[in-house]
1. Quick one: accessible area per residue over the stretch 22-117, 1.4 Å probe, rounded to a whole number of Å²?
2. Per-residue counts of other Cβ atoms within 10 Å, averaged by peptide: what ranking do you get for 340-351, 87-98, 226-237, highest first?
3. Mind listing which trypsin sites (Lys or Arg not before Pro) in the stretch 93-129 are in a DSSP loop and have 15 or fewer other Cβ atoms within 10 Å?
4. Go ahead and set up a Gaussian network model of the chain, Cα springs under 10 Å, then flag whichever of Lys12, Lys382, Lys197 fluctuates most.
5. Return the long-range amide H neighbours of Arg315 (sequence gap of 5 or more, or a different chain), with a cut-off of under 5 Å between placed amide H atoms.
6. What residues have an amide H closer than 5 Å to that of Ile205, excluding those fewer than 5 places away on the same chain, when H is modeled at 1.01 Å from N in the peptide plane?
7. Using the Karplus equation 6.51 cos²θ - 1.76 cosθ + 1.60 (θ = phi - 60°), what ³J(HN,Hα) coupling, rounded to whole Hz, does each residue of the stretch 186-195 give in order, writing x for Gly and Pro?
8. Determine the alpha carbon to alpha carbon distance for each of Lys114/Lys158; Lys197/Lys381; Lys12/Lys342; Lys149/Lys197; Lys83/Lys182; Lys37/Lys400 and list only those over 31 Å.
Amino acid sequence: MINSKLIEHIFKAANISRWNDYPKMVDLVELDKQAHKFIIAYFIAKLENDVDMRYIIEGGVFEFLSRVIVTDIRPDVFHYIQKNKADQINSWILTNLEPLIEDIDEGKFLERFKSFQEDKDHQKEKLILKAASYLATKWEFSIVYQTSKFLNDIDELKQKVDEELEDYYELIGVRKIAMNQKLARIIDLSGRLRFQKRWAQTERIPKTAVLGHMLVVAIFGYFYSLKVSACDKRLENNFYCALFHDLPESLTRDIISPVKYGIDGLNEIISEYEMRLIEDKILPYIPQSFRDEFSYILGVRDENGVLKKDEFENRINRITPQAYHGSMNNVNSDEYNSIDGKALKYCDNLAAFVEAGLSISYGVKSKDLVKGFKNIRAKFKKNPKIEGVDFDKICIEFIKDLDIENLSPDDCGTHL
């Protein structure tokens, strides 16, 4: 599905600081910016006609993996180099990435990556990705501007940032966001998830936010979908279900599992309140044309007249949304509109496992962090596979490659 070296590459984005030549009230990192970009791209794409959503996802993944390679180059310098040395820089990116991705999807992922770099078609999809990247950057700049007003060139930069907006006005979603209409509220809610840290009660390196975590789970879900040869709609649904799975936490905050599940009945109360907030604070701001689809992605469905939410259940939407209890490979065609909810829970756990493991490998570990790391590994050891994909194998490879001291693969297989 995915190898540990590629996982490490993805998480490098959590260590890449943005706007590091400007004073900031909060740390802004590349992983969060990329997550915000994917979210914005989704909404822009859904308001356009004849958009290849798989291309939006895959092209975004290609751009993300590439950006981690060229992170030391300032964006303005990078764009200038691209205009003059595009072939050389693309070749250099591939040279660095090829060892990490050459085996994925039996080599077809790498071939699509090469094609993406050379592709002169899909102009609308590429414009959407570029517009989403710009809007995510503009959102960040609104933070930077507040603490940089004393700099003599900040207003000049602000003018350049504002002027670029006009380049994307042909896209309906961009106009709606620029006019501060309802959609802008969802973009803002999503962006605020970068301020909510994962594992909030324990020190950790790198510190990752809920926003970045959502993208990591989505990328894991994407590679899982490739591994099971998911049809286009199933792959799309899996990616966006994972990308938005923690969106309600922009309203409720991230409540850690020991609290959520440690008090009898609390999880049910939180879920009920979360559902009410989704109905009042999220869905009314989603364009009517795809509101039902977005509800389905969030895991919201009507069960005997009562709305319930479970983003991590297997489901199909052939006629009306319903839970599905068979093998997802039996509903692997676009007509079923299927979502591998249970597999995405595996991806969510894998992301948490990596978050804890990376910090432990850096030497920053608390009792809670080690306990969480071991308990997640124990879950994978007990139930290693879903739809034939072995997640425990990924864990073992990750532990070995990071050479995590005193936490051998066998040691990590037992509960504390």
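The values are calculated or read from the model by the stated rules, or taken from the named source; none is laboratory data. Predicted, not measured: the structure shown is a model, and the values here were computed from it. With ideal geometry, Cβ positions are generated from the backbone for all residues, glycine too; neighbour counts draw on all protein chains shown. For accessibility, only protein heavy atoms count, side chains too; no ligands or nucleic acids. Shrake-Rupley method; radii C 1.70, N 1.55, O 1.52, S 1.80 Å.
1. Accessible area per residue: 46 Å².
2. 340-351, 226-237, 87-98
3. Here the trypsin sites (Lys or Arg not before Pro) that fit, given the DSSP loop and packing criteria, are Lys120.
4. Among Lys12, Lys382, Lys197, the largest mean-square fluctuation in the Gaussian network model of the chain belongs to Lys382.
5. Tyr324, Ile339, Gly341
6. Ser359
7. These are the phi-based 3J(HN,Hα) values: 5, 4, 5, 4, 4, x, 5, 5, 6, 8 Hz.
8. Lys114/Lys158; Lys83/Lys182; Lys37/Lys400
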